[in-house]
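Participant: Once you've had a glance at the structure underneath, I'll fire off some questions.
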Ligand code: APR
């Protein structure tokens, strides 16, 4: 069985990282158009760097939670493939041990040079004076994240994985931001995979899922993963019984 798991900010909420929407969400404190668009970066790069620098620095204080760990266990123990497609720019999935992972909205611990397109690991603050370690151009460095109005990363790979999967899980995402919010409609249209939403509350696309489990990720994800692993082990032992 091939499993694709879409994750969003809700899976990192119990690690103490703010989600984006909702009452205390990040977008209630800062304006997207000031810090999260290519226009904002063209207009005031220092402000955009400052926002991302603070966000990057804050990540050091957060640890993967039991939901991240459960997904890493699923990947390690499930007899089929498990791909996590995350909208999160934090690194909690990889720190939990997940390896087959696509960061469709990029990573805060990576930067990109707009002059030579090099992408590499970066833990320090970025500034308008930062130079590229590859081509040495100054003032061309940006966070390697997808801003609003930009195309998410590795979409071809994601679409291929969605088309081939047998089970699609969506965890901790409000279903407000496309194209990720449209994955469930793609899954329904293709008509082959079972789909399950695991979220604190019904998302925008909730009614499209075959199954919904509502509750905190730290509670519902480990239980769901254990049940899934148990049922795949049962299926294997049934298929190995002599006929
Ligand atoms: N467990 C499970 N779900 C939770 C929890 C929790 N402990 N806490 C919050 N949630 C749910 C919320 O109910 C909400 O539906 O997680 C979802 C978070 O939604 P958003 O804040 O909109 O985050 P996300 O869906 O990841 O946003 C998508 O929007 O701003 C952009 O680029 C940003 O990647 C982000 C994208």
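Participant: Would you check if there is a residue in the stretch 130-148 being part of a helix (DSSP H, G or I) and within 16 Å of the ligand (Cβ to nearest atom)?
Facilitator: Scanning the stretch 130-148, I find no residue that is part of a helix (DSSP H, G or I) and within 16 Å of the ligand (Cβ to nearest atom), so the answer is no.
Participant: How many residues, within the stretch 192-227, are within 14 Å of the ligand (Cβ to nearest atom) and either free of Cβ contacts under 8 Å to residues at least 12 places away in the same chain or on the phi > 0 side of the Ramachandran plot (or both)?
Facilitator: Number satisfying all stated conditions: 3.
Participant: Is at least one residue of the stretch 135-151 without any contact (Cβ under 8 Å) to a residue 12 or more places away in the chain, surrounded by 14 or more Cβ atoms within 10 Å (Cβ to Cβ) and in contact with a strand residue (DSSP E or B) (Cβ under 6 Å, 6 or more places away or on another chain)?
Facilitator: no
Participant: While we're on this one: Does residue 85 fit the bill of being surrounded by fewer than 18 Cβ atoms within 10 Å (Cβ to Cβ), in contact with a strand residue (DSSP E or B) (Cβ under 6 Å, 6 or more places away or on another chain) and modelled with pLDDT of 95 or more?
Facilitator: Judged against the criteria, residue 85 is not a match.
Participant: Which residues, taken from the stretch 158-191, are in contact with a helix residue (DSSP H, G or I) (Cβ under 6 Å, 6 or more places away or on another chain), within 11 Å of the ligand (Cβ to nearest atom) and in contact (Cβ under 8 Å) with a residue 60 or more places away in the chain?
Facilitator: Hits for the stretch 158-191 are 171, 172.
Participant: Next up: Which of the following residues is under 30 Å from residue 234 (Cα atoms) and within 16 Å of the ligand (Cβ to nearest atom): 83, 101, 74?
Facilitator: 101
Participant: Just checking, how many residues over the stretch 2-29 are away from the ligand (no atom under 11 Å from the Cβ) and at pLDDT 95 or above?
Facilitator: 4
The values are calculated or read from the model by the stated rules, or taken from the named source; none is laboratory data. Since the structure is predicted, the reported quantities are computational estimates derived from the model, not experimental observations. In this analysis, Cβ positions are derived from the backbone assuming ideal geometry, glycine residues included, and neighbour counts consider all displayed protein chains.
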